[in-house]
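> So that we are looking at the same thing, I have put the structure below in structure tokens.
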Amino acid sequence: MIRLEEITIINAPIERCFDLARSVEVHLVANIHSGEQALAIGGITSGLPDLSQRVTWRAKHFGIWQNLTSEYTAMQPPTYFQATMVKGIFRSMQADHAFRTLPSGATEMKDLFRVEAPLPFLGPLAEILFLRCYMLMLLRERNTVIKQIAESSNWQRYLSAPATIAR
């Protein structure tokens, strides 16, 4: 199993950072290189996921189109949320996102990301050879986008729309 921990300091209020970190639209911007989409498969396709809501993502990774459904399994606004894979290629995947206000007024966003590759024998080898670096790159890319949006005047366009629920 891969365990990644990343801390990002954002010069913006904690509530803004919390909401941008769970925004479907921000996630899509952060993963534009993979052609990521939010699919209308019984979850939300835009807006801010809430506790027990699901999002099904479709993206191309390693040249293969994949679907992955995440459920928001814990939520304590504006300090913490957890997203857990309920369907997808991995054996398991879970991301914990914790936020705290620093004395300077900036927000510390701490991500703890755990993923276990499929295939009992080849999975651990894939984790060592390439999956750890790839997932760390995706996490850092996501955090860079969140930071850029939160610290700019563009943040409002990502937080003004209500969630769209697929039926």
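The values are calculated or read from the model by the stated rules, or taken from the named source; none is laboratory data. Please read all numbers here as calculations on a predicted model, not as lab measurements. Cβ: placed from backbone, ideal geometry, glycine included. Neighbour counts: every protein chain shown.
> Hey, among the residues in segment 113-167 that are among the aromatic types (Phe, Trp, Tyr), assigned to a helix (DSSP H, G or I) and closer than 25 Å to residue 50 by Cβ, which one's modelled with the highest pLDDT?
155
> Here is a follow-up. Pick out the one residue from 47, 42, 35 that is without any contact (Cβ under 8 Å) to a residue 40 or more places away in the chain and among the small types (Gly, Ala, Ser).
None of the others qualify; the one that does is 35.
> If residue 68 satisfies every condition in (1) free of Cβ contacts under 8 Å to residues at least 40 places away in the same chain; (2) more than 20 Å from residue 40 (Cα to Cα) but one, which is the exception?
(2)
> Which members of segment 59-73 meet the condition of being outside any loop (DSSP other than H, G, I, E, B) and farther than 28 Å from residue 98 by Cβ?
Passing the criteria: 60, 64, 65.
Okay, residues lined up against (1) assigned to a helix (DSSP H, G or I); (2) within 18 Å of residue 81 (Cβ to Cβ):
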residue	(1), (2)
4	no, yes
8	no, yes
12	no, yes
17	yes, yes
20	yes, yes
25	yes, yes
38	no, yes
41	no, no
49	no, yes
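> What single numbered condition from (1) over 30 Å from residue 126 (Cα atoms); (2) buried (at least 21 other Cβ atoms within 10 Å of the Cβ); (3) not charged (D, E, K, R) fails to hold for residue 14?
(2)
> Also, I was wondering about something else. I need the full set of residues from segment 119-161 which are over 19 Å from residue 27 (Cα atoms) and surrounded by 15 or more Cβ atoms within 10 Å (Cβ to Cβ), in order please.
Passing the criteria: 123, 124, 126, 127, 131, 132.
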